[in-house]
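Read-outs throughout are calculated quantities, based only on the coordinates presented, and are distinct from any laboratory measurement. It should be emphasised that the depicted structure is a prediction, and the values quoted were computed from it without experimental measurement. Ideal geometry is used to build each Cβ from the backbone, glycine not excepted, and the neighbour counts take in all protein chains shown.
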Amino acid sequence: MTGSLQEKNGKYYAVINVKDSTGKRKAKWISTGYSVRGNKKRAEQFLREKLREYELNQNVVSSDVTFAEYLGKWLSLAKLKLEESTYLSYCCIMQAHIMPYFEATNIKLNEISRNDIQRYINQKFANGRRDGKGGLSAKSVKSHMVIIRQALTEAVKEGYIANNPCDYTTLPKLQKFEAGFYSEKQMRALLNAIKGERLFPLVYITAMLGLRRSEVLGLKWDSIDFDSHILTIKHVVVGMIKVIEKDSTKNKSSNRSYPMNEEVEKLLLSLKEKETENRKLFGNTYNENDYVFKWDNGNPYKPDYISSAFKKLLEKYSLPKIRFHDLRHSCASLLNANGCSLKDIQEWLGHSDIQTTANIYTHLNIERKASIMETMEKTISL
């Protein structure tokens, strides 16, 4: 595989000699995105990376390659471009669903059709659960199709197939999202019930501040200023297969600060004291890190553990079923019910777009509606 840098209109282009689906060589021009002045080293690095991608991919053009084989090759290349958490999520879906299905069909890449993709969609929606208990949700099937579409889009770009068969498929209809939330009474009942539980500080702080799961798990001691009584969101922890730590938030608006009330500060100080005790108790086996929420041996909580443990707490105390993320919805609903403006709620939750706040979090609970009804009765009573 050969290639070179070329200049055009003041920009660097990577020109790579590739073979199309017929085996004929052609020059492929790819913009590096770099201007000529002062960017030669960056452009050369871009060229090297592109050459590596094409070298890894050059064996895929064979007319005998199956779609499953192509998917495996595509995923190895996608790893170079995707966020680690996204890549691991793709791996999980590919290994559990997509690869086994298409390996069984043994269909060739250059023969894949709309009907083949549609059969996959229909099968997964009707009977795709691995435990045999029915089909996957429309949302899950859509996430599968995101992966398949990306892979086939790349195949079209490289000239392996003429068009993307995903363009003509029909996905199951997504159900309208209804966020769950607790009323003020239910929230008090939850917090009173679990006050002696290990996860109480984490649940309380999540509900009070309306945090995402990744944000509360990403809290570090360097984010907490006890002198100024300020807590700042600037780290997150995500991951399906393994814990992935990021020193960045979901978006710019997600990086925000909160004043700490007395209860939040008291809980955090208690956790810090407990951490000091555990460090002495476990000695050299203690996992040194700066995370606030973790096991006694210092290992940070995994995201999936928090969701499952929260579910078990609700069952233990016979509380209404909601997801852990619904604590965030509940915070927004309670803020709304107590007269906070949409802009205030947006900033509190760290939404980059106020429309997100308006679309998802402006649910009026029944108590708020009753209050409004009383107001209307007084206003226009007969």
> Based on the Cβ-Cβ distance from N338 to L82, what FRET efficiency comes out when R0 is 30 Å, to the nearest 0.05?
Replying inline: 0.15
> In what sequence do S341, S89, S257 fall when counting other Cβ within 10 Å, fewest first?
Replying inline: S341, S257, S89
> What are the GluC sites (Glu not before Pro) within region 119-216 that DSSP puts in a loop, where the Cβ has at most 12 other Cβ atoms within 10 Å?
Replying inline: E178
>> Based on alpha-carbon atoms only, what is the radius of gyration of region 62-175 relative to the globular estimate 2.2 N^0.38 Å?
In response: 1.02
>> Give me the extension gain from N297 to S318: residue separation times 0.36 nm, minus the current Cα-Cα distance, reported in nm with one decimal.
In response: 4.5 nm
> Exposure proxy check: F310, F67 ranked by fewest other beta carbons within 10 Å?
Replying inline: F310, F67
>> Just to check I understand the Karplus step: with θ = phi - 60° and J = 6.51 cos²θ - 1.76 cosθ + 1.60, what whole-Hz values come out for region 140-150, glycine and proline as x?
In response: 5, 4, 4, 5, 5, 5, 4, 5, 4, 4, 4
> Hey, with R₀ at 56 Å, roughly what FRET efficiency would R42 and K378 work out to, going by the Cβ-Cβ distance, to 0.05?
Replying inline: 0.25
> aspartates and glutamates within cross-link reach of K343: Cα-Cα under 18 Å, excluding same-chain residues under 8 positions apart?
Replying inline: D353
> Counting other Cβ atoms within 10 Å of each Cβ, which trypsin sites (Lys or Arg not before Pro) in region 285-327 have at most 14 and sit in a DSSP loop?
Replying inline: K321
> For the pair E111 and K195, what calculated FRET efficiency results from E = 1/(1 + (r/R0)^6), where r is the Cβ-Cβ distance and R0 = 45 Å, to the nearest 0.05?
Replying inline: 0.15
>> Multiplying the sequence separation of K173 and K24 by 0.36 nm and subtracting their Cα-Cα distance, what value in nm do you get?
In response: 49.4 nm
>> Can you sort K142, K28 from fewest to most other Cβ atoms within 10 Å of each residue's own Cβ?
In response: K142, K28
> If you plug each phi of region 194-202 into the Karplus form 6.51 cos²θ - 1.76 cosθ + 1.60 with θ = phi - 60°, what whole-Hz ³J(HN,Hα) values come out, in order, with x for Gly and Pro?
Replying inline: 9, 4, x, 7, 4, 7, 4, x, 5
> Whose amide H sits under 5 Å from the amide H of K11, counting only residues 5 or more places off or on another chain, with H placed in the peptide plane?
Replying inline: V36
> So which of K8/K41; K185/K234; K142/K234; K280/K312; K220/K274; K28/K81 end up more than 23 Å apart, counting from Cα to Cα?
Replying inline: K185/K234; K142/K234; K280/K312
>> Taking θ = phi - 60°, what integer Hz values does the Karplus form 6.51 cos²θ - 1.76 cosθ + 1.60 yield along region 327-340, in sequence order, with x for Gly and Pro?
In response: 4, 5, 4, 5, 4, 5, 5, 5, 4, 5, 5, 9, x, 5
> Which parts of region 260-277 would a label at S228 reach, counting a residue when its backbone N lies under 13 Å from a point 7 Å out along Cα-to-Cβ?
Replying inline: 260
> Any idea how far apart E288 and E265 come out in nm if each label point goes 7 Å out from Cα toward Cβ?
Replying inline: 3.0 nm
> Are there GluC sites (Glu not before Pro) in region 52-149 that DSSP puts in a loop and that have at most 14 other Cβ atoms within 10 Å, and which ones?
Replying inline: E83
> Contour minus end-to-end for E184 and I354, with contour as 0.36 nm per residue of separation and end-to-end as the Cα-Cα distance?
Replying inline: 58.8 nm
